[in-house]
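First comes the structure, then the notes that go with it.
The values are calculated or read from the model by the stated rules, or taken from the named source; none is laboratory data. The model shown is predicted, which means the values in this text are computed figures rather than measured ones. Here the Cβ positions follow ideal geometry from the backbone for every residue, glycine too, while neighbour counts run over all protein chains shown.
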Amino acid sequence: MKTYYDEIIKQSKGNCHIIDLTNDVRENLIKSCVTSGLCTVFSIGSTAGITTIEYEPGLLKDIPKLLDKLIPPAVNYSHNDTWGDGNGHAHLRSALFKTSLCIPVNNGELTLGTWQQIVLIDFDNRPRTRRIAVQIMGTLPKIQ
């Protein structure tokens, strides 16, 4: 069993900025040499989320619109009273989406659908430098 770890660094704009991480994660899988196992992608921080979507212009507009209806930023959340940072909505959105995702690895490939990309969604109310952990655990190719 091999374990591989690396971090991806991305600059976000905040406010539901959606960043495609698929190629970065694939590059890490290649570096790991793992052919069968699990790849975990984890956002280090409590105001972002990791999920999969079809990374296309319509969804890049639809997701923020949906979240503005479900968890609007302009509400007076108790978190904002505690810290005064105005990002209570970002914490709630992160809790809804979750901060990590596990993707099966099979034959040296991420098991993703044709239109499925791995994304970071930054829910915070300001631009951020985001650290995303990638940990891959599994088996290496068998030597013949």
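Across region 67-82, which residue is nearest to the chain's Cα centre (by Cα) among those that are surrounded by 12 or more Cβ atoms within 10 Å (Cβ to Cβ) and assigned to a helix (DSSP H, G or I)?
Initially, region 67-82 is screened for residues surrounded by 12 or more Cβ atoms within 10 Å (Cβ to Cβ), giving 67-68, 71, 73, 77, 79-80.
Keeping just the survivors that are assigned to a helix (DSSP H, G or I) gives 67-68, 79-80.
Numbers: LEU67: 16, ASP68: 19, HIS79: 23, ASN80: 24 Å.
Per the stated criteria, the residue is LEU67.
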Are there any pairs, at least 6 apart or on different chains, whose C-beta atoms fall under 9 Å, with the first in region 70-94 and over 19 Å from PRO127 (Cβ atoms) and the second surrounded by 18 or more Cβ atoms within 10 Å (Cβ to Cβ) and basic (Lys, Arg), and if so, which?
-> LEU70/ARG93; ILE71/ARG93
Only residues that are out of contact with any Phe, Trp or Tyr (no Cβ under 7 Å at 6 or more places or on another chain), in a loop (DSSP other than H, G, I, E, B) and modelled with pLDDT of 95 or more: list them for region 1-60, please.
-> LYS13, GLY14, ASN15, LEU21, CYS33, THR35, GLY45, SER46, TYR55, GLU56
If we scan region 50-64, do we find a residue that is buried (at least 17 other Cβ atoms within 10 Å of the Cβ), touching a strand residue (DSSP E or B) at 6+ places or on another chain (Cβ under 8 Å), hydroxyl-bearing (Ser, Thr, Tyr) and more than 19 Å from GLN117 (Cβ to Cβ)?
-> no
Residue ID - surrounded by the most Cβ atoms within 10 Å (Cβ to Cβ), chosen from residues in region 22-46 that are farther than 12 Å from TYR5 by Cβ, in contact with a Leu (Cβ under 8 Å, 6 or more places away or on another chain) and polar (S, T, N, Q) | SER43
Restricting the search to region 108-138, which residues are among the basic types (Lys, Arg), under 18 Å from LEU67 (Cα atoms) and either at pLDDT below 95 or part of a strand (DSSP E or B) (or both)?
-> none
Taking interchain pairs and intrachain pairs at least six residues apart, which have beta carbon atoms under 8 angstrom, with the first residue in region 95-115 and on the phi > 0 side of the Ramachandran plot and exposed (fewer than 12 other Cβ atoms within 10 Å of the Cβ) and the second in a loop (DSSP other than H, G, I, E, B) and of a type in the set (Ser, Thr, Tyr)?
-> ASN107/THR35
